[in-house]
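Participant: I have a structure here, written as structure tokens, and I will follow up with some questions on it.
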Amino acid sequence: MLYLPFQLSLVLSTLFYFSSCLSSLLGFRSRGLRPGRFDWMVIALGVLAQSWFLMTQGAIEHACPIRTLPEVMIFLSWAIGLFYLVVGTTYRISLMGAFSAPLILALQSIALLLPGAKMPLESPINPWIELHAALSLIAFGAFGLASISAIMFLVQEKQLKSQHPTTIFHYLPPMCLLEAVTLRLLWLGWVLLSISFAAGWLPFHSISGMKFGISLLVWGSYVLTLFLYHKHRVGAHHLAFMAILIFFFALMIFPVMRYISGLYF
């Protein structure tokens with residue numbers, strides 16, 4: 001379990017995300033799915049509860065609250081939820097909440113179950129490394145939501161090819177809109193990740209060869225995907241597939257990155 005102050009805020013946020021998942025599941029089962037304000041509101045409440053925890057924990061540690069793997073998972077799920085609140089409103093993709101909530105809930109649940117042993121504080125705290133770590137996770141929040149949009153794209157693509165589309169077909173946005181959202185989120189995540197790399201290099205902070213290699217592999221994978229798409233070497237289907245594959249690959253190696261980096265992601 002994650003033994004941290006104000007754990008109540010994490011429990012509350014988990015309950016909010018669970019209620020969103022449950023509402024969507026019941027809607028799918030009853031074939032009465034009505035995406036609307038409910039998902040947005042409960043996810044917004046979940047993000048607020050997580051924000052309370054992160055601000056409180058940051059004040060206690062006098063640093064960005066990403067010093068343990070559970071905190072990293074919480075920060076990442078918070079970033080995905082935050083991006084959903086903006087993207088879902090901007091593009092009026094109400095059903096995105098039904099796809100985003102399970103991923104956020106899974107990350108949050110894992111964080112609550114993982115041990116939360118503390119690492120010793122660096123003295124003094126390096127603001128450039130703080131910025132590097134925070135921006136990296138915010139970038140992966142954008143990549144995470146891009147993978148959600150990509151999943152929605154592939155589901156809608158399958159529905160269109162099917163001779164017997166299900167209820168969800170009528171509520172999913174057009175494929176062209178999902179393609180545009182996925183692409184823009186990938187670009188946003190890549191820009192933020194590039195800035196985070198620059199912030200990490202500015203103080204001449206030593207980075208292990210393995211960590212640098214893994215980071216470069218993830219960064220380069222997104223560069224290659226975007227380059228091939230804009231050169232028309234791959235289409236929207238492969239763009240969606242790569243967005244999902246790269247993000248979940250990065251998600252699986254988060255514990256490795258956390259171990260290699262020692263104190264920070």
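Just so it is clear, none of the values below were taken in a lab; they were calculated from the coordinates. All values derive from a computational prediction rather than experimental measurement. Here the Cβ positions follow ideal geometry from the backbone for every residue, glycine too, while neighbour counts run over all protein chains shown.
Participant: Using only alpha-carbon positions, what ratio does the radius of gyration of the stretch 7-261 give when scaled by 2.2 N^0.38 Å?
Facilitator: Working it through for the stretch 7-261, the quotient is 1.03.
Participant: Here's a follow-up. Starting from the 7 Å offset along Cα-to-Cβ, what nm value, one decimal, do you get for the label separation of T89 and H238?
Facilitator: Placing both labels 7 Å beyond Cα along the Cβ direction yields 3.7 nm.
Participant: Would you kindly state how much longer the chain becomes between L160 and A198 on full extension, computed as 0.36 nm times their sequence separation minus their alpha carbon distance, in nm to one decimal?
Facilitator: Extra length from L160 to A198 when fully extended: 9.4 nm.
Participant: Can I ask one more? Find the percent of Cα-Cα distances in the stretch 52-94 that exceed 12 Å, and round it to a whole number.
Facilitator: In whole percent, the share of Cα-Cα pairs in the stretch 52-94 beyond 12 Å is 63.
Participant: Now for a different question. Test of understanding: ordering V72, V218 by Cβ neighbours within 10 Å, fewest first, what list do you get?
Facilitator: Ranked by crowding around the Cβ, least crowded first: V218, V72.
Participant: Between L48 and L228, what is the spin-label point distance in nm, taking each point 7 Å from the Cα along the Cα→C-beta axis?
Facilitator: Taking the two extended label points, one gets 4.3 nm.
Participant: When only C-alpha pairs under 8 Å and at least 6 residues apart count, what is the relative contact order of the stretch 7-261, in percent?
Facilitator: The value is 20 percent.
Participant: Related question: Given N residues in the stretch 143-188, what is its alpha carbon radius of gyration divided by 2.2 N^0.38 Å?
Facilitator: Compactness ratio reported: 1.17.
Participant: Set the Förster distance to 51 Å, then compute FRET efficiency between L8 and F169 from the Cβ-Cβ distance, nearest 0.05.
Facilitator: It comes out at approximately 0.80.
Participant: To make sure I understand, if each residue's beta carbon is the centre and we count other beta carbons within 10 Å, what order do F197, F28 fall in, fewest to most?
Facilitator: Listed from fewest to most nearby Cβ atoms, that is F28, F197.
Participant: Which FRET efficiency value, to the nearest 0.05, is calculated for W128 and V256 with the Förster distance at 22 angstrom and r the Cβ-Cβ distance?
Facilitator: Working: r = 23 Å, r/R0 = 1.05.
About 0.45, to the nearest 0.05.
Participant: What is the fewest-to-most order of S100, S94, S136, S13 by other Cβ atoms lying within 10 Å of their Cβ?
Facilitator: The order, fewest Cβ neighbours first, is S94, S136, S13, S100.
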